[in-house]
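Following: one structure in structure tokens, then a few remarks.
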Amino acid sequence: MSDYDLEPAKKILRTFLKEIEKIRALLKNVSAPKPALSFAINDRTPVFDASEFDPASDDYWEKENAYIWLYGDAWNFRSLMHLPKLNGIPAYYNQPAHPVYELWLQEDKDLFYRKCEQIPSPRKELSLADYLQQLALTTSEGNEHRDVWIESLRCFLQFLREDTDLDQRGFLERLFPSKDSCKGMEFRKGSLPILEDGKTKKIEQRFILRRIEDSVYPIDILAASEILIHLAKAIFEGRPNSQRSAAEALGFAWLCHAVGCYRLVTRENLVFSTKVDKFRTPDLKDPKQRLQPTHFIGVDSLYGVIDVPISKTIYEYLLALPRDLGNIFSMDWKTLLRTFHNKGVKKSARATNLGQITFLTFMSQPHEAIGHRPSPNKKTVTHRPI
């Protein structure tokens, strides 16, 4: 591994570190404004007392520095905080639902031999997308929870998954999460308050829940950035045979964070297998782009390949990583995860007490509730259909 040239990636990191120091020095000279003490009579020029100015707080810099590291941009990381456009419904779900339903009934399923009650047949004019929405509402608002009905629903959903390519499944996964994407879905009994005749009362309702791994729960921005900082240190200070794995672990964590902040419906293995030819050459001629993302990378998702915005630093860093194949990351995923944990998570005082943290954690956008994390003991979180 030591034969791989890490110097190009290290050079980009050194430049990034210098930029951080520059902006930190500038922020130290920024003070909170105070009212002018007086005005000169002749020219009404305000007279200020320099002693009345407070330097920018450490808390402000701490959060600023965290975002700088998370987005890999010292000067303009806020341009990467734009939410993506809503994904359109894939063409597969625009077809009439009734023929698809009839094909499902022709399948050789034990459910049919047992003559179990099936989900209702869709009206002939109903599209597959509308039919799936209707099934979701029947489960939740209609409070349909009979085991035989749920079994029928799961059977139909599995038929659809087998009938579609992976890049066509985003719409279906939003409504009904599968075990391929997480731990599957759960139908949970609950209640909702409603206002009736001026009084509030609770009505029983079922919720479709997405069961997730403990590591999916997000951590705070300071803990997340501290992990990245320690990985970067390992690239410069680690043993020669571990520097490369630290470099790839940092790059993958950066890409996972970008994907998570962009709300991309994808899977960890799809992100990890991103190809070098998916980088989009930036167009920097348009001055209007100064406040917009300029660098992108195409990531496979359940809606097809989506261009995810990344900073110039991350763009150049990922391209500079040594590789011998067409993938951005050429080392084994388990090796990177081990390095991520040993050189990043374990070295972070903020992260060590927050539970299980993996690359999946970075695919959930970090929050500002410093020191807190949603309880991993909760096996499910509410999943709201689109």
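At a glance:
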| quantity | calculated |
| --- | --- |
| Segment 86-138: C-alpha gyration tensor shape, a/c 1.5 cut-off, then a/b vs b/c | prolate |
| Å² per residue, accessible surface of segment 287-355 at 1.4 Å | 48 Å² |
| Per-residue HN-Hα couplings for segment 69-74 [Karplus 6.51, -1.76, 1.60; θ = phi - 60°; Hz; x = Gly/Pro] | 6, 5, 9, x, 8, 7 |
| Restraint check, LYS63/LYS278; LYS10/LYS343; LYS233/LYS347; LYS22/LYS63; LYS28/LYS63, Cα-Cα greater than 20 Å | LYS63/LYS278 |
| Centroid-to-centroid separation of segment 101-137 and segment 313-351 [C-alpha atoms, Å] | 45 Å |
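The values are calculated or read from the model by the stated rules, or taken from the named source; none is laboratory data. Because the structure is a prediction, the values reported are computed rather than measured. Remember, those area values only see protein heavy atoms, side chains included, never the ligands or the DNA or RNA. Shrake-Rupley method; radii C 1.70, N 1.55, O 1.52, S 1.80 Å.
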